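Have a look at the structure below, then the notes.
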Amino acid sequence: MPTKPSKPHDEFFKATFGRLDIALDYLQNMLPATLQQDLDLSKLERVNGSFVSPALQEYFSDVVYQSPLKIGKQSVVLSFIFEHKSKPEPRPHLQLLRYMLDAWTEQLHQNNKKLNPIIPILVYHGKQGWKKRDFDSYFGNKLPASILPFLPRFDYIFTHVTDMSDEQILELGTGLLINTFLMLKHIHDPDFIMQNAELIFINLTEPNSQQDFIVLVLAYFYKNSQLAKEKIHRFIQKLPKTLNKTAMSTYDMILAEGIKIGIEEERQRIEEEMRQLEEESRQRVNKAILYLYQIDQKTLEEIALILSKDLAYVETVISKSEEENIADN
């Protein structure tokens, strides 16, 4: 299954919703009660890989889980899908339908005798509002009932994190889902995070708090805030002592990673410039070879001597030029 190039928001989404405890917390809070009654979420498990095809990488990335039904042997796929775009997608059903078709095709390739239902869970943290509507509304005015059986009819679970109040998020409990949502909501406003660290890191200031998750949240903030070093240091100093050391070491790690990336980008830039210079030099030599041969009527041996080039190279340039002339005529 294809993978998507990493981006800071994408990385954070996959790292957080890739945790079973956060995924389970979301499902227990956000799924309709009737659906929860039918799913055995105590047996929820992560499915490796992704169903996002190259055609859909522009739109979203996913984290996939599977849960058996309480009755029978059938399982249901629960796909957490992260909307990449900062603006609402006007017709998400089209992308979701393609996503589900790709997922079912993958199931068939795995020799599944029967397909597993898919519940798409769309998570969006853009600033603009998102109006959820039915698929048949895409077709304009109200359609007659006779047409509806010929249209795909499916729904999706939708969470617009930015549209949730902090109070609504805090009502979700004491798990790491609330920290995940708070960071996703406020990542566009780094000053708010700096001034309200006690909210962002609520329930995480105890000595036995999960350090790996704290590092994840801090790294996400550092990578997206683009704040001056002095501001970051002031932010770190204001954090509770239990977070201070972790925050500093995480910042040092991000800085080192940035330096490494910068060095690699500079190396690639220099290599590209060298390739361009070499190509320009090669083209100038080729033009000189053709000029000496066609205009000055020099022999191949004389050209090779004048330009300090191998005779074989001179022969190749002239031969290729003559072949191209024949093809053009």
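Quick note: the coordinates plus some simple rules give every number you see, no bench work behind them. On a predicted model such as this, the values are computed, not experimentally measured, just so you know. Reconstructed Cβ throughout: ideal geometry from the backbone, glycine too, with neighbour counts over all protein chains shown.
Mind giving me the nanometre distance, one decimal, between the label points for S249 and T316, set 7 Å out from Cα along Cα→Cβ?
5.5 nm
Quick one: if the Förster radius is 25 Å, what FRET efficiency do T174 and K43 give, using the C-beta to C-beta distance and rounding to 0.05?
After rounding to 0.05, the efficiency reads 0.60.
Taking GluC sites (Glu not before Pro) that fall in a DSSP loop and have at most 11 other Cβ atoms within 10 Å as cut points, what is the longest piece of the chain between them?
172-329
What distance in nm separates the two pseudo spin-label positions at Q128 and K231, each 7 Å out from Cα along the beta-carbon direction?
Here the answer is 2.5 nm between the modelled labels.
In debye, nearest 20: dipole of the chain around its Cα centre with unit charges on the Cβ of K, R (+) and D, E (-)?
Here the size comes out at about 1320 debye.
I need I22, I295 ordered by Cβ neighbour count within 10 Å, fewest first.
If I rank by nearby Cβ atoms, fewest first, I get I295, I22.
What's the longest bit of the chain with no exposed trypsin sites (Lys or Arg not before Pro), using DSSP loop states and at most 13 other Cβ atoms within 10 Å as the test?
With trypsin sites (Lys or Arg not before Pro) excluded where exposed in loops, the chain gives 154-329 as its longest stretch.
Defining a contact as two alpha carbons under 8 Å apart and six or more residues distant in sequence, what relative contact order in percent does the stretch 1-188 show?
Once normalised by length, the contact order is 19 percent.
Go ahead and run the numbers for FRET between D163 and D21, Cβ-Cβ distance against an R0 of 22 Å, rounding to 0.05.
Working from the Cβ atoms, E equals 0.35.
At a 10 Å Cβ-Cβ cut-off, how would you order L277, L24, fewest neighbours first?
The fewest-first ordering by Cβ neighbours comes to L277, L24.
Could you list V161, V217 so that the one with the fewest beta carbons within 10 Å of its beta carbon is first and the one with the most is last?
V161, V217
Among M274, L39, Y65, which residue has its Cα furthest toward the positive end of the charge dipole of the chain, with +1 on Lys/Arg Cβ and -1 on Asp/Glu Cβ?
Of M274, L39, Y65, it is L39.
Which value, in debye to the nearest 20, gives the size of the charge dipole of the stretch 1-188 about its Cα centre, when Lys and Arg are +1 and Asp and Glu are -1 at the Cβ?
460 debye
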